[in-house]
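Step one of this worksheet: look at the structure below.
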Amino acid sequence: MKHVISVLVENKFGSLNRVAAMFSARGFNLESISIGETEDTEISRMTIVTRGEDQIISQVLKQLNRLVDTIKVIDLTRQPHVERELLLMTLKLSKAVQHEIFELITVFKGKVVDIKQKSITIEVIGSPEKINTTIDIFRPYGIKELARSGAVAIHRGE
Amino acid sequence: MHSSGQTLNGSEIFFECLRREHVEYIFGYPGGSLLKVYETLHDVKDILHILVRHEQGATHMAEGYARATGKPGVVLVTSGPGATNTVTGIANAYMDSSPMVVFTGQVPSSLIGNDAFQEADIVGITRPITKHNFLVKDVRELAITIRKAFFLATTGRPGPVLVDMPKDILNSSCVFDFPETIDIRGFKPTFKCHINQVEKAAQKIAKAKRPLLYIGGGVISAEASEELRTLAIQQNIPVTMTLQGLGAFPGNHPLSMGMLGMHGTYWANQAVNKCDLLIAVGARFDDRVTGKVETFAPQAYKIHNDIDPTNVDKNIKVDLPIVGDAKNFLATLLEVMPEKRENREPWLAEINAWREQCPLTYSKEDDLLRTEFVIDEVSRQTSGNAVVVTDVGQHQMWTSQFYTFLNPRSIITSGGLGTMGFGLPAAIGAAFGIKDRPVVLFCGDGGFMMNVQELVTAVHNKVPVKIFLINNSFLGMVRQWQELFHQEKYSFTDLGDSNPDFVKVAEAFGCKALKAENPESARHAITAALAYNDGPILVDCSVVKKDMVFPMVPAGGSISDMLLARLNPKTMV
Ligand SMILES: Cc1ncc(C[n+]2csc(CCOP(=O)(O)OP(=O)(O)O)c2C)c(N)n1
Ligand SMILES: [Mg+2]
């Protein structure tokens, strides 16, 4: 099953590489990984989305903990948490479908970030599942390019 | 000795830190990026630098020293090729959890990433084979980084740590400050075992009718042999050991069952198969031990104590995981063991029947020299008191079977990585650390050539290692697999036509050498070698060419697949 793991690491060069390399060396599945500074500039938060049976996930968590640069590892999967991903996507634009596209952008609570004669770039934020659906729905209109941020996740407040 | 508060350059800081870490020996090789360090070293008298002849040799020497003494081994090499030559040795130390700190020179900071002369991204290369590694970016970070490196290498599950030091850092200066204590927030190994878990283990042990202790190298690195011995004897529990665990419990004790696994004893493997309780301490259920995991110890409730949580439930699901130091585990267990326990005599009798059914033996009827005889005889003549180093291959497995290890830190061998070429340098390193016991090496004719250059290091430093070259004119272990599993296609394993005259090779290096061709001459040569302490001595033992190591559980097999003799006796000799 899918797991969302939040990892606090030392904000040092090489930290991301150590984690990514560990996943490939041990043959763990890595669906997405994202990293950014936290409120403490010495610490970065990594959000990892992976899949595996319980025994594998327990190894993933232990192997993450074992890395010296890792400060804290939290499996958010079974805890209340919020998970978001950013999608940037450029679509072909033509008079014929213009209206439909704008309607769909509204449905998905997206935003137009750039618009040209023959293309439109939009942003959508949501759970990775919502992003998947968004891409599926827009695909027939012609996706020129897309970029996904990978999930970021955090505990829900008390 | 300089004191904190003085202004020193990077090279001076380097040696000041090593002093404070009580380093006795550096195994090293100079080069461009380390010129400043070797300039400073010229006047360092209290730390001995051993000049190796290949950087791989330095790493294995450091590991041999570390395994023999329990202290971290220290390596110093230059950037680029010097650094890449250490990779095998680092990987070896990582797999066998040996404490080691490797210092590499690096091109000046300003040139890093430019494909500069002798630049290699050694931090990137060694990330998956070190416990941790560092690139020092500021001379003010050097002392704390070295402190952290030694702390990490020796704390918790030991392992290799690498510190990469750019040339400009070693040349620039700062105020020296050696931190007495350090705190690494991401590194907090669990030493103390959870008491409830230990109590539960004690209950299980007391109630078990057929318990078995399965002991790994973790018991030796935790210095827990004493506790193990007390527990086993008090509870009357038989003890089987992994290759790295040999010596944790005395091999001549009736409760000792020798090694388990692929080339383990028949009775140890049968006991694993039939035990109702398996107590694994400091062992990691390696595939060479378990064979097919589904059929490993099928009837047993499994307790697993290990300092490294990642070892628990990795290869095999256990019933009672106990993370913590082996010494803490065994000592706590002794405190909480209930008064009453099951009678184990029927179980021990069953094991002894297996022992009698298929003992470890070898033919003594002819006048041919066999590896088993050489090892057996060395074991006898040293009274099991030597530090025994091996290379990798058949001779290594026979060493596990025929040398009677009585004490911890008595076997130094490449288990996890299985590195041919490990033996000679590791033996030299061990002999630097241990002066009051003989250091003996059993080495194959294949593996000997992989780091033969270190014979110079042994001769030059008058290191009294006793080298028993087990010369079967074959890459014997590979030949064995070819015979058993690959249709007797002896592809590139016959060294008979190409091996050099090893006595002449040794003599060319200035090493004393003898030849043994039958049991009688071997016996004399062993006596002579053990008496010679003026430097290394090599005994070229011409042994039977096509002998095979048995028992053998084929890779991935179950105990029921265990082979006890060759399939086709015609292939003998
Ligand atoms: C560096 C390295 N290369 C290859 C191997 C594969 N290998 C394992 S045992 C062995 C044969 C060793 O032959 P020898 O040193 O003569 O020892 P013997 O088995 O004959 O006792 C080989 C080639 C290895 N373990 N290490
Ligand atoms: Mg050989």
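The values are calculated or read from the model by the stated rules, or taken from the named source; none is laboratory data. In this text the structure is predicted, and so the values were computed from the model without any measurement. Heads up, the Cβs are rebuilt from the backbone with ideal geometry, glycines too, and the neighbour counts pull from every protein chain shown.
For region B:59-81, what are the residues that are farther than 15 Å from B:TYR94 by Cα, touching a helix residue (DSSP H, G or I) at 6+ places or on another chain (Cβ under 6 Å) and among the aliphatic types (A, V, I, L, M)?
Across region B:59-81, the qualifying residues are B:ALA68, B:VAL77.
Can you pull out the residues in region A:142-158 that are among the charged types (D, E, K, R), loosely packed, with under 15 Cβ neighbours inside 10 Å and assigned to a strand (DSSP E or B)?
Selection gives A:LYS144, A:GLU145.
Quick check: anything in region B:177-186 of a type in the set (S, T, N, Q) and farther than 30 Å from A:THR70 by Cβ?
no
Taking region B:458-469 on its own, how many of its residues are closer than 15 Å to B:HIS60 by Cβ, more than 16 Å from ligand 1 (Cβ to nearest atom) and either surrounded by 24 or more Cβ atoms within 10 Å (Cβ to Cβ) or within 14 Å of another protein chain (Cβ to nearest Cβ) (or both)?
Count: 2.
Would you check if there is a residue in region A:125-141 being of a type in the set (Asp, Glu), in contact (Cβ under 8 Å) with a residue 24 or more places away in the chain and loosely packed, with under 15 Cβ neighbours inside 10 Å?
Scanning region A:125-141 turns up no residue that is of a type in the set (Asp, Glu), in contact (Cβ under 8 Å) with a residue 24 or more places away in the chain and loosely packed, with under 15 Cβ neighbours inside 10 Å.
Based on this model, can you work out whether B:GLY421 counts as within 14 Å of ligand 2 (Cβ to nearest atom), under 17 Å from the mean Cα position of the chain (by Cα), part of a helix (DSSP H, G or I) and at pLDDT 95 or above?
When the stated conditions are applied, B:GLY421 does not pass them.
Out of B:LEU514, B:LEU455, B:LEU441, I need the residue that is away from chain A (no Cβ under 14 Å), away from ligand 1 (no atom under 11 Å from the Cβ), at pLDDT 95 or above and over 18 Å from B:MET420 (Cα atoms). Which one?
Result: B:LEU514 is the single residue among B:LEU514, B:LEU455, B:LEU441 that is away from chain A (no Cβ under 14 Å), away from ligand 1 (no atom under 11 Å from the Cβ), at pLDDT 95 or above and over 18 Å from B:MET420 (Cα atoms).
Take the residues of region B:282-295 that are without any contact (Cβ under 8 Å) to a residue 40 or more places away in the chain and surrounded by 20 or more Cβ atoms within 10 Å (Cβ to Cβ): which is nearest to the other protein chains (Cβ to nearest Cβ)?
B:PHE285
Is at least one residue of region B:297-313 surrounded by fewer than 24 Cβ atoms within 10 Å (Cβ to Cβ), within 14 Å of chain A (Cβ to nearest Cβ) and among the hydroxyl-bearing types (Ser, Thr, Tyr)?
yes
Can you list the strands (runs of 3 or more DSSP E) found entirely within region A:1-67 that contain at least 1 residues being within 27 Å of B:GLY159 (Cα to Cα) and either facing chain B (nearest Cβ under 10 Å) or of a type in the set (Phe, Trp, Tyr) (or both)?
Here the list reads A:2-10, A:43-51.
Go through region A:51-71 residue by residue and tally those that are more than 11 Å from A:VAL7 (Cβ to Cβ) and among the β-branched types (Val, Ile, Thr).
So the answer is 3.
Does B:ILE428 fit the bill of being touching a Cys at 6+ places or on another chain (Cβ under 8 Å) and either at negative phi or in a helix (DSSP H, G or I) (or both)?
So B:ILE428 fails the test.
Which members of region B:416-438 meet the condition of being within 11 Å of ligand 1 (Cβ to nearest atom) and farther than 18 Å from B:HIS54 by Cβ?
Once the filter is applied, which keeps residues that are within 11 Å of ligand 1 (Cβ to nearest atom) and farther than 18 Å from B:HIS54 by Cβ, region B:416-438 yields only B:GLY418.
Pick out, from region B:459-573, the helices (runs of 4 or more DSSP H) lying fully within it that include 3 or more residues that are touching a Pro at 6+ places or on another chain (Cβ under 8 Å), without any contact (Cβ under 8 Å) to a residue 40 or more places away in the chain and in the same structural domain as B:TYR266 (by TED's automatic domain parsing).
none
Test B:ILE169 against the criterion of being crowded, with 24+ Cβ neighbours inside 10 Å, on the phi < 0 side of the Ramachandran plot and not assigned by TED's automatic domain parsing to the domain that holds B:GLY282, and give yes or no.
yes
Could you tell me whether B:ARG147 is within 12 Å of chain A (Cβ to nearest Cβ) and surrounded by 18 or more Cβ atoms within 10 Å (Cβ to Cβ)?
No: the conditions fail for B:ARG147.
Could you go through region B:497-506 and let me know if any residue there is more than 21 Å from the chain's Cα centre (by Cα), surrounded by fewer than 22 Cβ atoms within 10 Å (Cβ to Cβ) and either within 13 Å of ligand 2 (Cβ to nearest atom) or within 14 Å of chain A (Cβ to nearest Cβ) (or both).
Within region B:497-506 (the criterion being more than 21 Å from the chain's Cα centre (by Cα), surrounded by fewer than 22 Cβ atoms within 10 Å (Cβ to Cβ) and either within 13 Å of ligand 2 (Cβ to nearest atom) or within 14 Å of chain A (Cβ to nearest Cβ) (or both)), the answer is yes, since at least one residue qualifies.
Hey, could you check region B:328-349 for residues that are crowded, with 16+ Cβ neighbours inside 10 Å and in contact with a Lys or Arg (Cβ under 9 Å, 6 or more places away or on another chain) and say which is farthest from B:ALA208 (Cα to Cα)?
Among those residues, the one meeting the criterion is B:ASN328.
Anything in region B:104-131 that is under 10 Å from B:ALA83 (Cβ atoms) and not hydroxyl-bearing (Ser, Thr, Tyr)? List them, or say none.
B:GLY105, B:GLN106, B:GLN118, B:GLU119, B:ALA120, B:ASP121, B:ILE122, B:VAL123, B:ILE125
Please determine whether any residue of region B:349-371 is within 16 Å of ligand 2 (Cβ to nearest atom), assigned to a helix (DSSP H, G or I) and touching a Phe, Trp or Tyr at 6+ places or on another chain (Cβ under 9 Å).
The answer is yes; a qualifying residue exists.
Working only within region B:310-331, note down all residues that are in contact with a strand residue (DSSP E or B) (Cβ under 8 Å, 6 or more places away or on another chain) and within 21 Å of B:ILE233 (Cα to Cα).
Result: B:ALA326, B:PHE329, B:LEU330.
Hey, which of the strands (runs of 3 or more DSSP E) in region B:119-225, taking only ones fully inside, have at least 3 residues that are within 25 Å of B:LEU246 (Cβ to Cβ)?
So the answer is B:211-215.
Going by what's in this entry, would B:ALA386 be described as assigned by TED's automatic domain parsing to the domain that holds B:VAL543, in contact with a helix residue (DSSP H, G or I) (Cβ under 8 Å, 6 or more places away or on another chain) and more than 16 Å from ligand 1 (Cβ to nearest atom)?
So B:ALA386 passes the test.
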